[in-house]
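Enquirer: Pasting a structure below so you can have a look.
The values are calculated or read from the model by the stated rules, or taken from the named source; none is laboratory data. All values derive from a computational prediction rather than experimental measurement. Counting neighbours? That spans all protein chains shown, and the Cβs are built from the backbone with ideal geometry, glycine included. Quick note on the areas: whole protein, heavy atoms, side chains included, nothing else; ligands and nucleic acids left out. Shrake-Rupley method; radii C 1.70, N 1.55, O 1.52, S 1.80 Å.
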Amino acid sequence: SVTIKKIHENPEAHMQGKIAVAGWVRNVRASNRFGFISLNDGSCFSPLQVVFGEDLPDFREVGKTNVGAALVVEGTLVPTPQAQQPYEVQAELIRVVGASVPEYPLQKKRHGLEYLRTIPHLRARTNTFTAVFRVRSIAAYAIHRFFQERGFVHVHTPIITGSDCEGAGEMFRVTTLDLLHPPRTTEGEVDHGRDFFGRETNLTVSGQLYGEAYAMAFGSIYTFGPTFRAENSNTPRHAAEFWMVEPEMAFAGLEENMAMAEDMLKFLIRAVLAEAPEEMEFFNRHLDPGLMERLENVLENRFARVGYTEAVRILEESGVEFEYPPAWGADLQTEHERYLTEMVYQKPVFVTDYPKEIKAFYMKENGDRRTVAAMDLLVPGVGEIIGGSQREDDLEKLERRMEVLGLSREDYGWYLDLRRFGGAPHAGFGLGFERFLMYVTGMGNIRDVVSFPRTVKNCNL
Ligand code: 4AD
Ligand code: MG
């Protein structure tokens, strides 16, 4: 027998020789004398064309193969100079190793994204989703390359945690399902999680606080992992489970933080354009015309920077009738973000120095005592994709802020240690990985860049 190859990896090496390929049927066309199968072997965006003639064993049965079937094809790889694809397989033997059915949920026609969301276990077999998830894989690898090449240490921060990094209270509680030992009931409250750990625990909303601890040992670190938020926001850009990239740098302030975020984002865009050219062409052609030109422009220009106070003034003076009138002290709404990124700057923009009341407890207070050294990166079409800041390194200020916000010493004493023992100035940020993927692919809904999305009222498989 012939070893099965993923032929797209190196077609020239197999040209004119006997090969075997294995994959899934995207489409079959057959006449009385010959037929074509479009086969996806997973190694490349465009399917492989398989040609077979009436001399093929089981010629008639093969012609009736259903879309979705798994096949092994033995034959010869030949160049096809005049056709759309550069080569095809002339089959000598086709074995159906996993049949499909005529009612297979994915047919040759284009299916709507909404319909495909109902079958997340099958949708990765479509053009759109092979493109999305190949880009996701390439981008994830590029993140590691970017930071490793710059000497950052990758830290695995815990998923189960006792702290609420963002202080927003939007956490999923961790409990046990201990059927043998029913939980004790304290004051009428049943709490399995408290029983196991001896305290309340939650799924992490961010690895940052732990990342800060490691930055005080390695200087520069990054985390890249799943985070969880029980935000009751049913929008195209909120998921209950999403991935975040969080670098943290000692001896760095807001300027270095912004420079790092800009470099990282450009590196990732460049990597995706270079390593997924067919996929990006596909998005550009079918989903978001102008996408590639826009991304090329992003690479060539410095991101804009504007202070929050100035941004609010721009919004107030815009003459636009916003649903929520902009006001100093309030968070920027989606409509404000859109106006700034799409009408004013038309490129990514860092908004800095937000009022401290609307930002997390750990951000460094500015000289004006009303704002903090925060930075959000807003991009056209998606809005906020990065949130970051310089961290408060003044022990007393941090203690006071935590007291005001009711954060207990018992829970966060260790975090204060980081300031007590060699507390160096430091800064970091979090990139929402799915938001980045939406930006770079042009996909309009976060549910379409996550393999099995979890959103409000949806965790079906
Ligand atoms: O702005 P956030 O809440 O910042 C933090 O969590 C910091 N601890 C990060 C840091 O400084 N290390 O979240 C960071 C990013 C957001 O800008 C957004 O892109 C993404 O995470 N994000 C979400 N993405 C999808 N669904 C959600 N529900 C998200 N919430 C935040
Ligand atoms: Mg944020």
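Enquirer: Rounded to the nearest angstrom and ordered from largest down, what semi-axes does the equivalent ellipsoid of the chain get from its C-alpha gyration tensor (root of 5λ)?
Expert: Working: eigenvalues 472, 146, 89 Å².
Taking √(5λ) for each eigenvalue gives 49, 27, 21 Å, largest first.
Enquirer: Related question: For the chain, what does -39500 (n - 2.57) per DSSP helix run (n ≥ 4), summed and divided by total residues, give at 222 nm, in deg cm²/dmol to the nearest 500?
Expert: -8500 deg cm²/dmol, from helical runs alone.
Enquirer: If packing is taken as the average count of other Cβ atoms within 10 Å, what order do 218-228, 140-150 fall into, highest mean first?
Expert: Output ranking for 218-228, 140-150: 218-228, 140-150.
Enquirer: At R0 = 22 Å, how high is the FRET efficiency between W414 and A217 if r is their beta carbon distance? Nearest 0.05 is fine. Each step should come with its number before you reach the end.
Expert: Details: r = 14 Å, r/R0 = 0.63.
Plugging the Cβ-Cβ distance into 1/(1 + (r/R0)^6) gives 0.95.
Enquirer: While we're on this one: Round to a whole angstrom and tell me the spacing of the C-alpha centers of region 237-290 and region 75-131.
Expert: 29
Enquirer: Separate question: Which whole-number percent gives the relative contact order of the chain, counting Cα pairs below 8 Å spaced six or more residues apart?
Expert: So the answer I get is 13 percent.
Enquirer: Grab the other residues whose beta carbon is less than 9 angstrom from that of L48, score K and R as +1, D and E as -1, and report the net.
Expert: Residues close to L48 contribute a combined charge of -2.
Enquirer: Send over a whole-number figure in Å² for the accessible area per residue of the chain, probe 1.4 Å.
Expert: Per residue, the chain has an accessible area of 49 Å².
Enquirer: With every atom except the alpha carbons ignored, what do you get for Rg and Dmax of region 304-395, in angstroms?
Expert: 13.0, 44
Enquirer: Right, here's the next one. Are there trypsin sites (Lys or Arg not before Pro) in region 60-128 that DSSP marks as loop and that have at most 13 other Cβ atoms within 10 Å, and which are they?
Expert: Taking region 60-128 and a limit of 13 other Cβ atoms within 10 Å, the loop trypsin sites (Lys or Arg not before Pro) found are K64, K108, K109, R110.
Enquirer: Measuring from label point to label point, each 7 Å out along Cα→Cβ, what is the M15 to R33 span in nm?
Expert: Label-label distance for M15 and R33, simple model: 2.8 nm.
Enquirer: Percent of accessible area on region 274-365 owned by carbon and sulfur, 1.4 Å probe?
Expert: The nonpolar share, carbon plus sulfur, comes to 45 percent.
Enquirer: Check which residues have an amide H placed less than 5 Å from M244's amide H, if you skip close sequence neighbours.
Expert: HN-HN under 5 Å from M244: G225, T227, F433.
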